Ligand code: SF4
Ligand code: MG
């Protein structure tokens, strides 16, 4: 089957201007060759530290800017090269929920109008009675009282505002919602409620979700697959259980080692990475992670590892970009540590 979304070798390089003549003096290699798919009704979590390029991937899919190279295909149709006047059908099908429910809702619009706007824009309502019914239904879907539609955004809590943001995304009847740190700004208990709501809505409406987050603990509760980004590249992608049980990239192993484990005794040994994330203006040669990797060897400094299926993985579709997996299992610390 054709995946709902197929991203192939996506690149977004932002030019840096400077110098006396204001010319281009370099590039920020924000996203540098990223490929993945999302199936219908599937959640893919895109994780990594801030600045790794994950939000840029989301914005590229939303076509908030032109990409530098690569392809974005929605439901078998290329969308990255659509001219400006022809974007509307694609804009309806891919919606977004941003991190900050305080700044993403217009404070001068009542909830009714916030929800009615996309319905009108995309011509979804047959008449004004249908419009009202759709707005009421959206309030039901996000578990807010119908009579709250007359209120203003500032009258709601952060969690309630994020429900309104989700309702606004749903108003367009999308196939895919990009959630960019959509629960990151919320309190722990509210976070869990919004995650549960997103999962319920996904089951109810057969939505696909691209869940962009730096928080692996949240991701573990809600995603089907996980893609891990480091410095503009995906270094590992796998079904959730396989990735959490036996990470195949040293960066993922380090990220997971910082996630609290509920059962005492089951805690992973904490891996502390040395140094900071290098600048995306001048990323390291070879494997981009080699300056911080506890297992780096000579080959890592010169040759870039491709993202390929890992032979020792627990599940099909477990890909990692790391030279360790070319070595025999008894000489591969990531395989040996898991007793494979
Ligand atoms: Fe570490 Fe080398 Fe693997 Fe990169 S390729 S993650 S430097 S072992
Ligand atoms: Mg971001």
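Taking the listed residues 36, 14, 21, the one that is in contact (Cβ under 8 Å) with a residue 12 or more places away in the chain and surrounded by fewer than 20 Cβ atoms within 10 Å (Cβ to Cβ) is 14, with no other qualifying. For segment 43-122, list the helices (runs of 4 or more DSSP H) that sit wholly inside it and hold at least 3 residues that are modelled with pLDDT of 90 or more and touching a strand residue (DSSP E or B) at 6+ places or on another chain (Cβ under 7 Å); which are they? It comes to 54-61. Here residue 301 clears all of (1) crowded, with 23+ Cβ neighbours inside 10 Å; (2) out of contact with any strand residue (DSSP E or B) (no Cβ under 6 Å at 6 or more places or on another chain); (3) part of a helix (DSSP H, G or I) except the condition numbered (1).
Inspect all residues belonging to segment 48-57 and state whether any of them is closer than 14 Å to residue 210 by Cβ, within 16 Å of ligand 1 (Cβ to nearest atom) and surrounded by 17 or more Cβ atoms within 10 Å (Cβ to Cβ). Scanning segment 48-57, I find at least one residue that is closer than 14 Å to residue 210 by Cβ, within 16 Å of ligand 1 (Cβ to nearest atom) and surrounded by 17 or more Cβ atoms within 10 Å (Cβ to Cβ), so the answer is yes. Filter segment 255-281 down to the residues that are touching a residue at least 40 places away in the same chain (Cβ under 8 Å) and within 23 Å of residue 34 (Cβ to Cβ), then identify the one that is farthest from ligand 2 (Cβ to nearest atom). This residue is 256. Please work out if residue 243 is over 26 Å from residue 4 (Cα atoms), assigned to a helix (DSSP H, G or I), within 16 Å of ligand 1 (Cβ to nearest atom) and touching a residue at least 60 places away in the same chain (Cβ under 8 Å). Spelling it out, it is not the case that residue 243 is over 26 Å from residue 4 (Cα atoms), assigned to a helix (DSSP H, G or I), within 16 Å of ligand 1 (Cβ to nearest atom) and touching a residue at least 60 places away in the same chain (Cβ under 8 Å).
Taken together, the criteria place residue 74 among residues that are closer than 30 Å to residue 1 by Cα and touching a helix residue (DSSP H, G or I) at 6+ places or on another chain (Cβ under 8 Å).
The values are calculated or read from the model by the stated rules, or taken from the named source; none is laboratory data. Keep in mind the model is a prediction, meaning the values are calculated, not measured. All Cβ positions, glycine included, derive from the backbone under ideal geometry; neighbour counts span all protein chains shown.
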